[in-house]
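Shown next, in structure tokens, is the structure this report addresses.
The values are calculated or read from the model by the stated rules, or taken from the named source; none is laboratory data. Keep in mind the model is a prediction, meaning the values are calculated, not measured. Don't worry about glycine lacking a Cβ; one is built from the backbone with ideal geometry, like all the others, and counts go over all protein chains shown.
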Amino acid sequence: MDDTQLLVALTGLAWSGLLALARRAVAGLEEKIDKNAEKVTRLQAQTASLIGDTKYRIERNFHDLVEESRLDIKALSERLEKVTGDRRIDKKLEDFQKETVSQSEFRLFIANLNAKVESIYEMIMKNGAKS
């Protein structure tokens, strides 16, 4: 083999080695790109899952708050109706008490009536009955 052939063979060998290194580097980069793509896909799936879970929790909490508010409003409404009813009863009782007399007033009335009846009876006994 002469020098030229040796030089061509060494140059070919060098280029083959360089191409093999380049292919290995490209394969390594492709592998890293694939791994990063898998990581991105996993992160997107996790993010979507977290967003879905968070959305569900927010909706659930919102519905729970709405339901609690409805129950609170219903309870307040019932208490308001009860208080209003109690006030109506108190007002009716107060009006009834205004229309009626107390026991002591009634006793005083009876005592006065008895005194008048006795007075009339005494007058009749004194003066006699007139026809």
Fill in: Residue identified as exposed (fewer than 10 other Cβ atoms within 10 Å of the Cβ) and out of contact with any Pro (no Cβ under 6 Å at 6 or more places or on another chain) among ASP3, ASP53, ASP86, ASP34
ASP3
Item to complete: Kindly indicate the residue of segment 96-110 that is part of a helix (DSSP H, G or I) and surrounded by 10 or more Cβ atoms within 10 Å (Cβ to Cβ) and also modelled with the lowest pLDDT among those meeting that condition.
Response: GLN97
